[in-house]
Every structure is written in structure tokens, then in C-alpha cells.
């Protein structure tokens, strides 16, 4: 009888201990997550909530009164020619920069990876643009592409070609800015691809050689490309987001002149030049929605075809 | 049927490091030949040269009587199994095994994404390949794994898939680069038996690289022991064990390692150990060491034989059917010796730690080497089991 009581007491103590341990674990777990959670709240979630609220008002910076507009800001955006142009420009920019930088940096990474002694030299050469300040570099590009002073047009003239105004001819502005964007992004993506290439075991190429897949195309199709799947996925998503956020080159080179507004620049104009905070908030929400849709679609489409080792 | 592989004067250096110097080797058709040696001895490089993955600086490779130096690996009709298995991680087991066949039977357009669906014969070829892969997989007992990816397999299963990929196109030469070293001990012993059985059944030539002398000795018809980019000795496993050509071979082959003691000889070639004359004479040369396998030691109770060396038991390992006894010689040398005793032999002795024993040698099985480690021929004077003489 006593023995039974003793064991049941022991059981109860053990259970209490276990419960206590679980409680302590939950507490320390929360404590560990708290700093990240706080930052997430302060930096993302609260501002996002304010953004949603503001987007439904006609609030102007410094104004004393404001009223609810509901979805009117969004309706206005649909008919706004500047916003529509900035949307088209941004998509054009992304459609050049995204495939261009992924494919070019992959090609360069494969070429650089094959170098043995000169590899680090090329790594530095291609990575340098990443380390530069884009605003400062934009000024350099402005000089290089200048119709009368720049070396590019001087070269064109020497070859007997007509002078080209890269940064004022409406049809050329976005492709030119996309070219500068490519120049800046390729080095970074190349480094990511180089890391991905180094992670592919050399044995696989040896096995492929023996199995008859030793040719350059077969090696790429059977080993390199599948092996780079996770890297490509990451590079594509980050490049897409970076490209959507194009701003500084436009701000430095054209200030949106000649129909060269992009999404972020249009938001900047509305919010910080014209102080239409409510309308700018609505545009920002639309911008966020695009990035979100794009990232999720990419993740789903690519993720299914990517093999994670 | 297997093909012969003939290597002549192979030399290879990576930068300033010489990996192989003047290696010649004649592998018989259908033979199981092991290249064994410590890491960095050049055995893997030699295998990769045969496979066409590495180009030698000097020398020629011939497979089935045909020079293949100018041919890439895929045209040499060899298959290779890698230590890491080198399975394609993004492909299913079935696709991995099918790879050598699809690469050979389908042209580039028929393997290319999208364009491949235009080929009328592609489906038929794929069906044939699938059938061959399934048949081979059930033969190797991996049929239930065909739809899995390599990451979902155990080490032993990956090993079989790698074997299947090598076997699928019936090559005449199998090259194996330490294929068992990533397996646990139990599985390694099992796979050893299966590989030997596979070799017998296929009749193909196997060239097998390993640093594990047990693998080399148990499976091979011949063993080439390599060190420093050269072949030290080539012969049947028993040859290497019983007639090592040099002290290095004697010391590498055999576990526990062979006992080595310093000896000297007088002008007439009579050999002495620690100043005691052995009933052993040398035909020529200056002996420096004598080497005796652990089973060549005879132990008896101390004091019974004045001619024997005195020793003390340092440690005893029980291995079930045998005991390995570590000894320390008494004065004057204090050398360590190791002795292999069957349980029968051990039954007649008190073999506890610290016990004093007498040691004699089975000189018929002793090897004498000169200062450079070269084998010297010997003649035993009296009987087969001679005793040390004072």
C-alpha cells in the first residue's frame, strides 16, 4: 500500500518536473524568438499596418485634417498615366535585368570557374562594380554615355555612326538604365554561382565522363545545371526583387524625365516631392503586392523543379 | 569477357610532385587485380589514368591489345565505381543506372529537353533501357529502390546502385576506387564476398584500388603493392605474405604487423641475433634485419630452454579463435614482439599479463633483409623449427 502510494507520488513528482521543464523550455524559446519578433513588428508589421490605413486616406504630410477615401486612391492609380508608365517601365527593366543577369552571370561564373591561376583576378574584376556606390557610378555612366563628351559616342562618331542620346531618347532610357543595372548585378550573382559550382562534387564530372556525358553540353545539362538548381532559384528571386526596386540610377540620371519613371520613383515623387502620403501609400501597397506575387510564383514554379541535395 | 590492360612506363607528376614513376603493369583478361598501398602512393592516379580521367606525362595504356591513350574515358569500354559512389543526386536510381545507356543509345537531340519528343524511336529505346535497368536491379536486389533519389538510400544501397550503373553496359574492365571504404565494417565484409562472387560471374577484368590490405588479400587473384609512385611487388596474395620482396612489403602486408629485429652476420654468412648465433645462413649480402610473422613465434614456459629469448607478456587481445599476445623481450633488447596464438596453443601456456615466457622462432618462415630492405636468400641449418643457440 505504502509502496503504491510512494510510486504514485514519485510519478506525480516526475510529471510535475516534466511539466515544469516544458514550461521553462517554452519560456526560453519565447525569449530567444523575442528580439527577432520585436524587430519584425517595429520594422515591418506596424509600418505595414500604418501603410494600409494611410492608403485609404487623403492624408498629406503636415496637413491637419484628412478624411477616409476607401479604395479611391487605388482607383486613381489605375487611371494615373504617370503610374501606368512607371509600371510599364519597371516591367521592361525587370524583363531585361532578370534573365540578362542570371544568364550572363552563370556564363561568366562557368568561364571564371574553369580558370586556375587567373580565377581570383577575374573574380575581383567582375565583383568590383558591386562594391561601388551606384549613385557615384551613375554619374560616371552619365559621362561615358554623354552625347557630346562621352567616349561611347566619340567611338560611334569615329566609326561614322550617328550620335545616340542614350539617356534622353525615350525608347533608349530604360534599356540603358537596365544595362547599368546588369553591370552592377552580374558580379554579385557570379559570386553566388561560383559558390554553387564549387559545391558540385568533382566525382560527378568524372562519373559523367565514364558514362559518356563528357561533352560540354552534356556536362552542363546533366551535372552543372541541376547542381546549380538551388543557387539559380536564390539568384532569380533576389535579382527579381532588386530589379523591381530600381531607383537610384533613375534618380541620378534622369529624375524621371522623358517618361522614364519607375515604380519606386513614382512613389518617391508622390510621397516626398508632392507630399501626397495617402496616395503614395496606396502605390506602395501595389508595389508590395507585385513583389509578393512574383516571389511566390517563382518559388512555386522553380521549387518543384529544383533538387536540394 | 574481360580484357587485358597493359600499362607501360607510366609517369605522372602534379606540378613538382611526382605521383607515378615508370609504372608498368600487365593485367590479365578476367583477372581481379588489386592496387594496394598507403594514401598518396599513386594507386588512385594510376586507376584514373586507365579510366582516361587523367593523362599520363609518359607511358602508354593498352586495353584489349589496343592503345587507348588518345581515347576519352567514354570510348575505352571501362566502367568505374567511385569511393563516393558519385551518383547523380537529382536523378532517380533508375535514371542513374540508365545513364550510361541513354548517353550511348540516344543522340544529343533525343536527350535535349523538348526537342527530344520529336524523335520517333526515342520511346522504343527508352523502353528497352528501362527493361534492362529493371532486370539488372532485381538481380542486385535494388528493384524496390528504382524510383528513389540517392539521398534516400543507405550507404550499402548507394554502393549497389553505383555497381549497377557500372554493370549496365557490360564493360570488359571494371575500375574500382576504394568502393567499400565508406561502408561500415559488417557491410564491408559482406560486400567483399559479393564483389568476389560478381567478378567470378561476370568474368570481367577487375582493377581494384584500396588502402586496406585485407580487401586486397581476400578478393584478388594478384596484388600490386605500391609506394611512392612505384610498384614494390606484384604477385598472388600468398606470395606477398610468404615471400615479401622487401622489408616495406613485409611490413605493409599482414595484421598484426610482422616482427622486425636487428641481425648481423659473420664472414661465412652465419646470422646472429643479439649476439646469439641463429641456425641460419645468408647466401650473400649483409643482413640488417630479420622479419618473422606473429604466427612464426613459438612460446613456451619460461626457463625450460636456455637457448630461447626471455620475454614478458605486455598485453593479450582475445579474438575468439585466436589470441594476439604483445610481448616485450627481456634484456638485452627490450624490443616489442607480437605473437599470434591459436586457442589450442594458448591452452598449454599461462598467458597472463606480466607472465615470463621463452620465445623461439620458426626460422623456415623468417625473412632476412639488408640495410636497403632488399630480401636476402637464406638457408636454415637444422630442422625446420630451429632454436636460438647461445
Item to check | Euclidean distance of C-alpha centroids, region A:98-150 and region B:342-359, integer Å | outcome: 77
Item to check | Angle in degrees between helix B:93-105 and the longest Cα principal axis of chain B, rounded to the nearest 10 | outcome: 70
Item to check | residue B:257-residue A:22 FRET efficiency (beta carbon distance; Förster radius 51 Å; 0.05 resolution) | outcome: 0.35
Item to check | Residue of B:324, B:63, B:290 that the Gaussian network model of chain B assigns the largest fluctuation, springs spanning Cα pairs under 10 Å | outcome: B:324
Checklist entry - Hey, fewest Cβ within 10 Å first, where do A:131, B:218 land in order? => result A:131, B:218
Checklist entry - Fewest first, what order do A:205, B:117, B:88 take by the number of other Cβ atoms within 10 Å? => result B:117, A:205, B:88
Checklist outcome for this item: When B:227, B:372 are ranked with the fewest other C-beta atoms within 10 Å first, the list becomes B:372, B:227
Checklist outcome for this item: Rounded to the nearest 10 degrees, the helix B:185-202 long axis (Cα) sits at an angle to the longest Cα principal axis of chain B of 70
Item to check | Nearest 10 degrees, 0 to 90: helix B:155-167 Cα axis against chain B principal axis | outcome: 60
Checklist entry - So what's the back-of-envelope 222 nm ellipticity for the protein assembly as shown, counting only DSSP H runs of four-plus at -39500 (n - 2.57) apiece and dividing by all residues, rounded to 500? => result -14500 deg cm²/dmol
Checklist outcome for this item: region B:214-317: relative contact order from alpha carbon pairs under 8 Å, six or more residues apart, as a whole percent, is 16
Item to check | Fraction of antiparallel bridges per DSSP, chain B only, in percent to nearest 5 | outcome: 75
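Laboratory data are not the source of any read-out in this text; all were calculated from the coordinates shown. Predicted, not measured: the structure shown is a model, and the values here were computed from it. Every residue, glycine among them, receives a Cβ derived from its backbone with ideal geometry; neighbour counts consider all protein chains shown.
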